Every structure is written in C-alpha cells, then in structure tokens.
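Below is one structure, written out as structure tokens; comments come after it.
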Amino acid sequence: MKVIVLGAGIVGVTSAYQLAKAGHEVTVVDRQTGPALETSFANAGEVSFGYCSPWAAPGIPAKAMKWLFMKHAPLILRPKLDMAMLSWMVRMLSNCTSERYAINKSRMLRLADYSRSALAELRAETGIAYDERMQGTLQLFRTQQQLDASAKDVKALAADGIPYEVLDRDGCIHFEPALRHVRDKIVGGLLTPKDETGDCFKFTNALAAKAEALGVRFAYGTTIKALDVEAGRVRGVITDRERMRADAVVVALGSYSPLMLKPFGISLPVYPVKGYSLTIPITDASRAPESTVMDETYKIAITRLGDRIRVGGMAEISGYTNDLGFARRSTLEHSVTDLFPGGDISKASFWSGLRPMTPDGTPVIGPTKIIGLFLNTGHGTLGWTMSTGSARLISDLVGGRTPDIDARDLAIDRYS
C-alpha cells in the first residue's frame, strides 16, 4: 500500500522504517527541515523499559498541591481559559486511583517490554550507534518515605515479570560509584537493570537514513494543512505543496495530533506537557553518572550520553507554548550539581519540548473510525522507550496482521 506517516520524530521514523520493511511505499511528512527536531531532539535519554509509570497515580493530587509551592517544583501549572487543558486535567485526576494505576501501568509495561526486544533486534540488524548503554535505571530516593512508597511499583514490576532490585545506600553506590561523594543525601533506590540509555536524536537520524535506503521518501519543510477524507475513508493529506494520495495515513504528530483530528469529529485526549533538559559536557568522569539516575525528589533524570550528561524532567502544563523558562533551568542545575557535579554547567545547552500526554499515561495506537486512518501518538515522556514496539504494532495493524502483543486496549476506543 501507499502509506503516509505524519511526523518525523522518533515515533514517526520508527513507524516508517517498519512499514517499509513490511513492503509498503512510505512517505513521511514533517514541517521541520529534518528528523527529530522537536520533542525527540534533546529528551532525557533514558530508555525505560522497567521504569515506566503513569503520572496519574494515587496520591498525586495531594503531591501536586505541594509541588506547586516548591522552589524546585517537578510540576508547573499555568492555568488558562482552555477547555482542552481542563478536560485533560479532569480525566487525569480520574485516573489517580489504585485500580486505574494498576491497569495503566500494566499496559505501559507490556508495550515497553515489547519495545525492549524490538529495539534489540533493530540494533542488531542495522548496527546503529547512538551513545547507547545497557546498564539500567536507578530510581534514587532521598527519604525513607520515598523508598517505602516504591512498594506499589515493585508490586507492578513483579506482576509483569520485569526484573528489579531494591537497593540500600551501599547498593546504590555500587551501581553508580559517583554517588559515594553524596552518600549522606540518599537512603536507597529501585534498580531496573534491563533499562537502557541513548541519544534519541542520533538514533532517529541514523534510522531515517536506513529508512531512506529502503525507499522511504521524506518530505521535510512541508506543512500539513488537513487530512484528505472522502466518504468516511482517508485518501491522503493536503499540504502547502501538494495533495498527497495514500491508501493509509498514520498520525504521529505528538502533541499536535488532536488538532489534525478534531475537524473530523475525532476527540483525542492528548495534551502538551512541556519538559526541559540540559546537555552538559563532562569534565570529571568520576563525578558523572554511568547510566540513568532518576532523582525522585525533583522527578529529574540524569543520564550519561557518551561524553555528555543529559538532565531532563519537569512537567509544565501551559498549552502549546515552547518558550524557555529560565527558572526551570535552575531546577535542572540544582538536581545534577547536588548529585553529580562532574560537568561544566557554564557550557550547558538548554532546551524544551512538548510531550504528548494522555490522561492515563498510555499511548494511543491503532485505527480510527475513518477507514485507513491510524494513530501512533500520546507517548508522553516515553516516546523514545516505546517507539520501536509501537512501530511494529502500527505496521501490523496497517497491514492487517495480528500483532505479537495485545493492542486492543491501546486504541482510541478506550476513551469512548
């Protein structure tokens, strides 16, 4: 079939690659001048097959109220007259129950574990290098209360057969030797040893080149005006350059996916939640992380990417604004210098991106009520983690094949 993929971020490019491998004629359309230039550009760098949890969790409403008044807050809310924002927040709060958390986390772990094997196979077949490391993620607790609260995550990991280790202070230092300099600031951690790290931008660009070699056409610098729909079936897309015909269209536009779908009566509860990152050159490797450390207090991920440290996190709910809030930079700097002062902050690059979040934390993957129109979006902070598995799923669904894992509860129908 002729398939158009909308979006050249990590999700769009992996989708295009898998669709091309399946024998389809694929075109990727993106307004940017190249792949991975928006949310995939400078994310936290963690590939979190085990450390993946819904933001909507029991106790989050109370924590959110406290976070709003913290100097280095993991959550920033800028309320505005925006019905989409209000609706999304109400739906998210409705998912903050133990029952919904267990269901949503199980979905996420299923897809993440599938992505783990898919990424390993893709890496083996392509030989792509992207500053990758396979050394796990350490969720670091500064207080006993945080360590005790991790019991719910341990239960979910155990139920889904995901390897984990609960570590004391010495165990954390054994995993991340640089923490010996700050041992009095930590009490323990939760290690998910199968997690990985890597530069999403490097990976996406390398895979785009592999996709081109398979015949994928990339239409960069092209603005998507609308979907082309006739009699309940998608016929292609209308751009500022041409009307492009296709048998199927995959929407992988991240936070902008709902705007493309709304004129056709498809209500997709995806909303942009801004995240920030710093990329810091390493000057003292003995005080730098070996893999990814998640600072639970500030919800900041500190990741080793080759000779750099990537520091990413925070959740700013402020709509489709991607300005750099320099107060957020101080939070990133505080977390990394407090734990790993092995980089040159003065030479750090500062970035922000809009993460496409669903209220339940689970992406939306599958068909829509319009024949031939498919969604692969709403991955939130886990687009890098779930991209390869999501790409396989969408390729199977577009081609009419039964996926290797159950994808029925990932479809948009779950919101109806």
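Which of Lys21/Lys274; Lys105/Lys274; Lys80/Lys194; Lys155/Lys202 have a Cα-Cα distance over 29 Å?
Lys21/Lys274; Lys80/Lys194; Lys155/Lys202
Could you name the lysines in cross-link range of Lys225, using Cα to Cα under 19 Å and dropping any fewer than eight places away on the same chain?
Correct list for Lys225: Lys262.
Just the number, please: carbon plus sulfur as a percent of the accessible area of the chain, 1.4 Å probe, no ligands or DNA/RNA counted.
Its accessible area is 53 percent carbon and sulfur atoms.
Which value, in Å², gives the accessible area per residue of the chain when a 1.4 Å probe is used on the protein heavy atoms?
39 Å²
Apply the Karplus curve 6.51 cos²θ - 1.76 cosθ + 1.60, θ = phi - 60°, to the phi angles in the stretch 333-349 and return the couplings in whole Hz, x for Gly and Pro.
5, 4, 5, 6, 6, 6, 10, 9, x, x, x, 9, 4, 5, 9, 6, 9
Over the Cα atoms of the chain, what Rg and Dmax result, in angstrom?
Final numbers for Rg and Dmax: 20.5, 66 Å.
Report the extension gain between Val90 and Ser286 in nm, rounded to one decimal, defined as 0.36 nm multiplied by the number of residues separating them, less their alpha carbon distance.
Numbers: separation 196, 0.36 × 196 = 70.56 nm, distance 4.51 nm.
Here the answer is 66.0 nm.
Report the paramagnetic label zone for Asp307: residues of the stretch 196-210 whose backbone N is under 17 Å from a point 7 Å from Cα along the Cα-to-Cβ axis.
Hits in the stretch 196-210 for Asp307 at 17 Å: 199.
Give me the distance between the Cα centres of the stretch 302-354 and the stretch 113-131, rounded to whole Å.
27 Å
Calculate one ³J(HN,Hα) per residue across the stretch 209-221 by plugging θ = phi - 60° into the Karplus curve 6.51 cos²θ - 1.76 cosθ + 1.60, and present them in order as whole Hz with x for glycine and proline.
Ordered by residue, 3J(HN,Hα) equals 5, 5, 5, 4, 5, 8, x, 5, 9, 10, 9, 7, x Hz.
Return the loop-located trypsin sites (Lys or Arg not before Pro) in the stretch 322-416 (DSSP other than H, G, I, E, B) with at most 14 other Cβ atoms within 10 Å of their own Cβ; answer none if there are none.
Loop-located and lightly packed - Lys369, Arg401.
Going Cα to Cα from Lys185, which lysines come in below 25 Å? Please leave out same-chain ones fewer than 8 positions away.
Leaving aside lysines fewer than 8 places away in the same chain, those within reach of Lys185 are Lys63, Lys66, Lys71, Lys152, Lys299.
Let me check I've understood the local charge: for Val29, count other residues with C-beta under 11 angstrom from its C-beta, Lys and Arg +1, Asp and Glu -1. What total comes out?
Working: positive: Arg31, Arg217, Lys225, Arg241; negative: Asp30, Asp240, Glu242.
Every neighbour counted, the sum reads +1.
Name the long-range amide H neighbours of Ala219: under 5 Å, sequence gap of 5 or more, or other chain; modelled H, no Pro or chain starts.
Result for Ala219 returns Val28, Val29, Asp30.
What residues of the stretch 23-59 lie in the reach of a label at Ala102, counting those whose backbone N is under 16 Å from a point 7 Å from the Cα along Cα→Cβ?
54, 57-59
Mean projection of the alpha-carbon convex hull of the stretch 84-174 over all orientations, in nm²?
Here the figure is 9.0 nm², rounded to one decimal.
The values are calculated or read from the model by the stated rules, or taken from the named source; none is laboratory data. In this text, all values refer to a predicted model and were calculated from it rather than measured experimentally. Reconstructed Cβ throughout: ideal geometry from the backbone, glycine too, with neighbour counts over all protein chains shown. The protein model used for the area step is the full one, side chains on, heavy atoms only, and it has no ligands, DNA or RNA in it. Shrake-Rupley method; radii C 1.70, N 1.55, O 1.52, S 1.80 Å.
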